[in-house]
Amino acid sequence: MNDSPNTSWPIVGHTWAVTTLRRAIDEDRLSHAYLITGPSHVGKATLARTMAMAINCTGESRPCGACRACVRIASDTHVDVRIVAPDGDRLKIDQIRDLRRELSLSPLEARRRVAILEDFDRATLEAMNALLKTLEEPPSNVVLILIAPEAGVLLPTIVSRCQVIALRPLTLVQVREALMRRWGIDAERAELLSHLSGGRLGWAVLAAQDPSILNARAARLDDLQQMLGASRVERLAYAQTMARDALDTREAIDVWRTWWRDVMLVAAGSAARLTNVDRRGEIGSMAARLDVQSVRTAAEACSRALWQLDKNATPRLVVEVMLLNLPRM
């Protein structure tokens, strides 16, 4: 499925972004640096790699997906296309120094050297400043593609030197149709995954292929139900366990946030689509037992916790405060 007409880009949705980048490549007026932003698993890395393929494709319809350049870029083995990801928790200055040395050299095979810097929001301040030197004096045969959840988490001096391509979640229909047509998912499962994905096709595909993702979601929702009946001491003890893994903590809170949104919608009598459609009965039961203000307080507590984690607050303290703001049932 490709809803970007008249292009060979294998991208679902994001038509305006594909059109903008395709036109820049076709007309040979590429910027020296791009910043692709958007929620996790919304398609940022896929777009970046497809862009690198289109830049260096030797086929007639770029990207053809079949030429030597396209095949190697797709498998992350092209000598002139460098993928830089965080080393552990952070992307470090030594990685940027190595990259800068590579970018100073002429391409060996490709038209241009392309560097894709994944999760650049996790770069250290020293690493960001090191890259800034390249952005200020970019080599003519280099294209930098930075990936981050939003522009605001990077240095303003870096953002100002990039063309920002902001990706937004797809519609549920786009996700559902893509899952059925491209990945062969049956209609009922595709419907559920499209709701749970929040418009993030990458997440939906991963969840379709890896049962542990939906199992983890179910466990997190079960934990939430248990915490609503727990004492203050039990909640604080759970916070210590929950906060041990920062990534898992964030994912769990995000699942809880969708739950409270659903409960609020039902409590308010809204006709908006629910996220957790497979638990509609439980959501309705909770909405009937809680007042709207308690539900709103819980939803705001989860959203605030996610914001605080993005600002590098201490996970355990964030989780403790959030749990203590949940209602007792």
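Starting from the amide H of E150, placed 1.01 Å from N in the peptide plane, find each other amide H under 5 Å away whose residue is 5 or more places distant or on another chain.
Residues meeting the criterion, in which the H sits 1.01 Å from N, are G38.
For region 247-313, what relative contact order do you get, as a whole percent, if you take Cα pairs closer than 8 Å and at least 6 residues apart?
Values: 47 pairs, mean separation 29.3, N = 67.
Computed value for region 247-313: 44 percent relative contact order.
Can you bin region 212-287 into rounded, prolate or oblate? Criterion: square roots of the alpha carbon gyration tensor eigenvalues sorted a ≥ b ≥ c, rounded for a/c under 1.5, prolate for a/b above b/c, oblate for the rest.
Prolate, since a/c reaches 1.5 and a/b exceeds b/c.
Can you compute the modelled spin-label distance between A288 and S140, with each label point 7 Å from Cα toward Cβ, in nm?
In this crude spin-label approximation the distance works out to 7.3 nm.
Can you give the Rg/Rh ratio of region 255-329, where Rg is from the C-alpha atoms and Rh is the Kirkwood radius?
1.01
With the other protein chains left in place, how much accessible area per residue, in square angstrom, belongs to the chain at a 1.4 angstrom probe?
Computed with neighbouring chains in place, this is 48 Å² per residue.
Could you give the length gained by full extension between T19 and S160, i.e. 0.36 nm per residue of separation minus their alpha carbon distance, to one decimal place? Walk me through the numbers before you get to the answer.
Working: separation 141, 0.36 × 141 = 50.76 nm, distance 2.19 nm.
Taking T19 through S160 to full extension adds about 48.6 nm, to one decimal.
Using protein chains only and a probe of 1.4 angstrom, how many square angstrom of D222 are accessible, to the nearest 10?
We get 80 Å² for D222.
What list of ³J(HN,Hα) couplings, whole Hz, do you get for region 182-196 from phi and the Karplus terms 6.51, -1.76, 1.60, once you set θ to phi - 60° and write x for glycine and proline?
Ordered by residue, 3J(HN,Hα) equals 8, 10, x, 7, 5, 4, 5, 5, 4, 5, 4, 5, 5, 5, 5 Hz.
Please state the shape class of region 57-181: rounded when a/c is under 1.5, otherwise prolate if a/b exceeds b/c and oblate if not, all from the C-alpha gyration tensor. Before the final figure, lay out the partial values.
Details: a/c = 1.93, a/b = 1.16, b/c = 1.65.
Taking the square roots of the gyration eigenvalues as a ≥ b ≥ c, region 57-181 is oblate.
Given points 7 Å out from each Cα along the Cα-Cβ axis, report the D245 to A216 separation in nanometres with one decimal.
Roughly 0.6 nm, to one decimal.
Determine the shape class of region 32-108: with a ≥ b ≥ c the square roots of the Cα gyration tensor eigenvalues, call it rounded for a/c under 1.5, and otherwise prolate if a/b is greater than b/c, oblate otherwise.
Judged from the Cα gyration tensor, region 32-108 comes out oblate (a/c at least 1.5, b/c at or above a/b).
Can you give the relative contact order of the chain as a percent, counting alpha carbon pairs under 8 Å and 6+ residues apart?
Numbers: 480 pairs, mean separation 52.4, N = 329.
Rounded, it is 16 percent for the chain.
Placing +1 at every Lys and Arg Cβ and -1 at every Asp and Glu Cβ, with all other atoms neutral, what dipole size does region 1-115 have around its Cα centre, in debye to the nearest 20?
200
How are the C-alpha pair distances of region 131-187 spread across 5 Å bins, as whole percents from the shortest bin up?
Here the calculated profile for region 131-187 is 4, 14, 20, 13, 10, 10, 9, 11, 7, 2, 0.
Pull up the cross-link candidates among the aspartates and glutamates for K44, meaning alpha carbon to alpha carbon under 12 Å and not fewer than 8 places away within one chain.
E118, D119, E150
Can you give the Kirkwood hydrodynamic radius for the chain, in Å, rounded to one decimal and based on Cα pairs?
21.7
Heavy atoms only, probe 1.4 angstrom, no DNA, RNA or ligands counted: give me R29, R328, R122 ranked by accessible area, highest first.
Ranked list, largest accessible area first: R328, R29, R122.
For the pair E109 and R29, what calculated FRET efficiency results from E = 1/(1 + (r/R0)^6), where r is the Cβ-Cβ distance and R0 = 22 Å, to the nearest 0.05? Walk me through the numbers on the way to the answer.
Numbers: r = 23 Å, r/R0 = 1.04.
The value I calculate is 0.45.
Between A268 and C64, what is the label-point separation in nm under the 7 Å Cα-to-beta-carbon projection?
Those two pseudo-labels are separated by 5.3 nm.
Excluding ligands and nucleic acids, what accessible area in Å² is computed for S75 using a 1.4 Å probe, to the nearest 10?
My reading of the accessible area for S75 is about 60 Å².
Protein chains only, probe 1.4 Å: how do K311, K92 rank by accessible area, largest first? Don't jump to the answer; show the numbers that get you there.
Values: K311 120, K92 85 Å².
Highest to lowest solvent-accessible surface, that is K311, K92.
Over the chain, what percent of the accessible surface lies on carbon and sulfur atoms, probe 1.4 Å?
Carbon and sulfur atoms account for 49 percent of the accessible area of the chain.
The values are calculated or read from the model by the stated rules, or taken from the named source; none is laboratory data. Remember, it's a predicted structure, so these values are computed and weren't measured experimentally. Cβ: placed from backbone, ideal geometry, glycine included. Neighbour counts: every protein chain shown. In case anyone asks, the SASA skips ligands and DNA or RNA and just uses the protein heavy atoms, side chains included. Shrake-Rupley method; radii C 1.70, N 1.55, O 1.52, S 1.80 Å.
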